[in-house]
Amino acid sequence: MTPRLAPVAPATRRPAAWRRRDRRWGWVFVGPQVIGMLLFILGPFLASLVLAFASWDGLTELKWVGWANFADQLGDELLLRSIVNTLLIAVITVPIGLGLSLLIAVALQNLRTRSLYLVLFFAPVVTSTVAVAMIWQQLFRSDGVLSSVIASTLHIDPPDWLGDPHLALISVCIVTIWMSVGLNTVIFLAGLQGVSPSVLEAAQLDGAGPWSLLTRIRMPLISPIIFFSTIVAFISSLQTFDTVFVLTSDAGPDNATRTIVYHIYDLGFGRFEFGPSSAASVILLMLTLVITGLQFTAQKRFVHYESD
Amino acid sequence: MATLEGVAPVRATSGRRGRDLRKLLLHLVLLAAGLAMVFPFVWMLLTSFKALPQLLDEPLSFLPNPWTIDNYVQAWTSVPFGQAYLNSAYICLLSVAGTLVTASMAGYAFARIEFRGAKVLFVVFLATQMIPKQVTLIPFYLLMTKFGWVDSHLSLIVPAMLVNPFAVFLMRQFVLTLPRELEEAARVDGCGRWRMFWRIVLPNLRPGLAALAIIVALDVWNNFLFPLVLLNTPDLFTVPLLLTSFRGQFGTINYGLVMAASAIDTIPMLIAFVIGQRKIIDSLATSGLGGR
């Protein structure tokens with residue numbers, strides 16, 4: 001290897017033989033992940049797009065049905081209800097969850113005992129969703145602790161958390177927020193560490209109160225992180241499944257908590273209608289893309305980047 | 001914080017007392033909120049030690065009286081919990097080990113090696129993060145049927161080892177933070193790419209690898225939908241999947257049993273969390289920030 005001494009950018013300083021070999025090494029290094037990507041993500045993904053136009057139960061002959069699956073699905077009251085429920089869960093849990101997380105993060109920011117509190121808020125994050133849902137199912141029982149406390153302190157008939165269709169969806173939202181508030185809190189805390197104390201002090205000297213410090217200084221400064229967390233939270237609530245499968249026992253009562261992913265699961269593995277199930281997955285994908293796209297459009301107005 | 005502390009004595013004493021009061025109030029509010037957060041776990045434990053008659057008290061009593069471990073005995077013996085722990089543990093271990101190797105290799109290539117198609121490929125890896133896993137559920141299941149991997153742990157382990165676009169992205173970010181000089185020096189010494197990766201890059205990536213290991217382990221351990229669809233034999237079940245054997249029993253009177261089963265699932269995880277809290281919280285914050 002004879003190094004050619006040309007004092008240019010580091011990438012081009014490399015000897016030609018090294019660069020030639022790199023072309024091969026690159027593919028060797030990404031090889032395993034590329035194989036996995038083709039086999040387990042892109043392949044199934046494309047198959048899903050194809051299956052959405054077919055009628056198949058996995059056993060009998062596959063039949064092409066064109067757009068019929070989509071027409072059926074979009075006219076299906078169950079899918080529409082799943083979409084509405086999923087969007088409701090997202091619209092309720094994302095702002096409340098992120099809002100709470102932000103408040104907690106600001107409250108914890110300057111405390112020396114911060115990590116003590118964090119352990120309490122973070123515990124649900126490391127617990128499996130199934131266990132979380134199992135525990136809350138018992139808390140929400142009509143003879144459970146929440147009802148017992150409400151009955152003995154407020155002297156009213158306790159609500160039927162999981163039996164009432166509207167309350168069941170609210171219960172799912174409560175559990176979802178409880179599970180995720182700790183994670184977003186630590187993410188916001190990490191972001192707030194980057195806000196320089198001198199900026200806050202200057203604003204304080206100018207007479208800014210706690211509320212305007214939060215909304216005028218801190219939130220704009222960490223808005224890229226808020227934006228990123230919003231997208232992640234939104235996408236993950238579009239994928240709600242574990243909670244409704246366990247907490248409200250198969251998306252009950254009477255499909256009141258049926259979500260899109262539960263719908264996909266039910267069509268595919270409850271009824272073995274792979275075509276319609278795939279069509280529903282494509283609809284989920286579209287919904288995800290459209291909502292993320294909308295959020296990226298909104299970002300231009302609300303998100304403030306350092307370089308601005 | 002330190003500067004604010006230093007400024008304090010200059011202020012009027014009444015202002016200071018007001019600040020102390022506000023701080024006390026803040027602690028009270030946070031403590032109440034924190035206790036509310038862990039209340040479900042506390043109630044789970046208390047209920048799991050109660051015998052049936054106590055669950056019918058009106059209003060419910062707080063402490064078990066008498067304390068009993070019958071629920072634990074029954075939960076542990078009625079389903080194969082020990083086996084499920086073994087299953088989850090080794091699925092987790094292999095998935096994490098595989099991901100660490102393949103994702104750091106790919107992340108290194110995307111960060112440092114110039115090869116044809118690298119840019120397009122990286123965009124593909126970024127874009128596939130947008131595809132919800134559930135969208136591929138049906139074809140993935142059919143593929144596993146073809147492979148004969150349904151009702152086998154291979155269907156969970158092999159895909160987890162081989163593909164994780166987020167892990168690749170995260171490792172690329174970590175590699176980018178390493179000083180290039182390390183590799184330049186090794187290259188001058190005649191070290192090739194392969195040896196450079198294993199001897200120079202990987203050891204320096206240790207903090208990143210630890211963070212990724214925690215993220216992937218939690219993800220695999222808590223994974224539910226795919227094991228639910230792919231596994232049928234109870235002896236093969238993972239811990240969360242096995243726990244659902246107790247699901248939907250909110251008609252049953254003895255829910256102390258359900259709480260004991262939930263405790264068997266959650267308590268080891270919570271203990272592990274308390275021991276490694278700092279590292280775990282930091283790792284998840286890193287991943288939540290997209291590796292920034």
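Filtering the range B:1-30 to residues that are of a type outside the set (D, E, K, R), at pLDDT 80 or above and out of contact with any helix residue (DSSP H, G or I) (no Cβ under 8 Å at 6 or more places or on another chain) leaves B:Leu21, B:Leu24, B:Leu25, B:His27, B:Leu28.
Out of contact with any Cys (no Cβ under 7 Å at 6 or more places or on another chain), within 10 Å of another protein chain (Cβ to nearest Cβ), at pLDDT 90 or above and surrounded by fewer than 21 Cβ atoms within 10 Å (Cβ to Cβ), is that true of A:Phe269? Judged against the criteria, A:Phe269 is a match. Considering only the range A:197-215, how many residues are among the small types (Gly, Ala, Ser), surrounded by fewer than 14 Cβ atoms within 10 Å (Cβ to Cβ) and in contact with a Ser or Thr (Cβ under 9 Å, 6 or more places away or on another chain)? Number of matching residues: 1. Can you go through A:Phe274, A:Phe241 and tell me which one is without any contact (Cβ under 8 Å) to a residue 40 or more places away in the chain, facing another protein chain (nearest Cβ under 9 Å) and of a type outside the set (Val, Ile, Thr)? Result of the check over A:Phe274, A:Phe241: A:Phe241.
Screening the range A:277-294 for residues that are at the interface with chain B (Cβ under 9 Å from one of its Cβ atoms) and under 19 Å from A:Leu46 (Cβ atoms) and picking the one that is nearest to the chain's Cα centre (by Cα) gives A:Thr288. Pairs linking a residue in the range A:77-90 that is more than 9 Å from A:Thr259 (Cα to Cα) to a residue that is of a type in the set (Phe, Trp, Tyr) and in a helix (DSSP H, G or I), with Cβ atoms under 6 Å and 6 or more positions apart or on different chains, are A:Ala90/A:Phe234. Evaluating B:Leu284 against the criteria (1) in the same structural domain as B:Ala109 (by TED's automatic domain parsing); (2) closer than 30 Å to B:Val163 by Cα leaves one unmet condition, (1). When you check A:Val84 against the structure, is it at the interface with chain B (Cβ under 9 Å from one of its Cβ atoms) and surrounded by fewer than 15 Cβ atoms within 10 Å (Cβ to Cβ), yes or no? Answer is no for this residue.
No other residue among B:Thr238, B:Thr266 is in contact (Cβ under 8 Å) with a residue 60 or more places away in the chain and at the interface with another protein chain (Cβ under 7 Å from one of its Cβ atoms) apart from B:Thr266.
Every test in (1) closer than 25 Å to A:Cys173 by Cβ; (2) of a type in the set (A, V, I, L, M); (3) modelled with pLDDT of 90 or more is passed by A:Ala298 save one, and that test is (3). Condition check for B:Gly190 on (1) within 13 Å of another protein chain (Cβ to nearest Cβ); (2) part of a helix (DSSP H, G or I): one failure, at (2). The residues of the range B:106-144 that are under 24 Å from the mean Cα position of the chain (by Cα) and among the charged types (D, E, K, R) amount to a single one, B:Lys133.
Filtered by the rule that a residue be more than 10 Å from chain B (Cβ to nearest Cβ), out of contact with any His (no Cβ under 6 Å at 6 or more places or on another chain) and surrounded by fewer than 20 Cβ atoms within 10 Å (Cβ to Cβ), the range A:216-225 gives A:Arg216, A:Ile217, A:Met219, A:Leu221. When the helices (runs of 4 or more DSSP H) confined to the range A:112-157 are screened for residues that are at the interface with chain B (Cβ under 7 Å from one of its Cβ atoms) and either closer than 19 Å to A:Val181 by Cα or under 26 Å from the mean Cα position of the chain (by Cα) (or both), those reaching at least 2 such residues are found at A:114-122, A:129-139.
Looking only at the range A:245-254, residues that are within 11 Å of chain B (Cβ to nearest Cβ), surrounded by 24 or more Cβ atoms within 10 Å (Cβ to Cβ) and of a type outside the set (S, T, N, Q) come to 3 in all. I'd like to verify a number: residues in the range B:184-200 that are surrounded by fewer than 20 Cβ atoms within 10 Å (Cβ to Cβ) and touching a residue at least 24 places away in the same chain (Cβ under 8 Å), how many? Going through the range B:184-200 one residue at a time, the tally reaches 0. Set side by side, the residues B:Leu182, B:Leu178, B:Leu212 differ, and just one is part of a loop (DSSP other than H, G, I, E, B), over 30 Å from B:Gln54 (Cβ atoms) and more than 9 Å from chain A (Cβ to nearest Cβ), which is B:Leu178.
The residue list A:Thr257, A:Thr297 contains one member that is in contact (Cβ under 8 Å) with a residue 60 or more places away in the chain and either away from chain B (no Cβ under 11 Å) or surrounded by fewer than 20 Cβ atoms within 10 Å (Cβ to Cβ) (or both), which is A:Thr257.
When the range B:229-241 is filtered for residues that are touching a Phe, Trp or Tyr at 6+ places or on another chain (Cβ under 9 Å) and surrounded by fewer than 20 Cβ atoms within 10 Å (Cβ to Cβ), only B:Val229 remains. Within the range B:13-49, being more than 9 Å from chain A (Cβ to nearest Cβ), of a type outside the set (A, V, I, L, M) and more than 30 Å from the chain's Cα centre (by Cα) holds for B:Thr13, B:Ser14, B:Gly15, B:Arg16, B:Arg17, B:Gly18, B:Arg19, B:Asp20, B:Arg22. Any residue at all in the range A:60-70 that is at pLDDT below 90 and of a type in the set (D, E, K, R)? Looking for residues that are at pLDDT below 90 and of a type in the set (D, E, K, R), one finds at least one in the range A:60-70, hence yes. Going through the range A:152-168 one residue at a time, which ones are farther than 20 Å from B:Met44 by Cα and of a type in the set (A, V, I, L, M, F, W, C)? Once the filter is applied, which keeps residues that are farther than 20 Å from B:Met44 by Cα and of a type in the set (A, V, I, L, M, F, W, C), the range A:152-168 yields A:Leu154, A:Ile156, A:Leu167, A:Ala168.
Might you check whether a residue that is surrounded by fewer than 20 Cβ atoms within 10 Å (Cβ to Cβ) and assigned to a loop (DSSP other than H, G, I, E, B) occurs anywhere in the range B:154-175? Scanning the range B:154-175 turns up no residue that is surrounded by fewer than 20 Cβ atoms within 10 Å (Cβ to Cβ) and assigned to a loop (DSSP other than H, G, I, E, B).
The values are calculated or read from the model by the stated rules, or taken from the named source; none is laboratory data. Given the structure is predicted, the values throughout are model-derived calculations rather than measurements. Neighbour counts run over all protein chains shown; Cβ positions are idealised from the backbone, glycine included.
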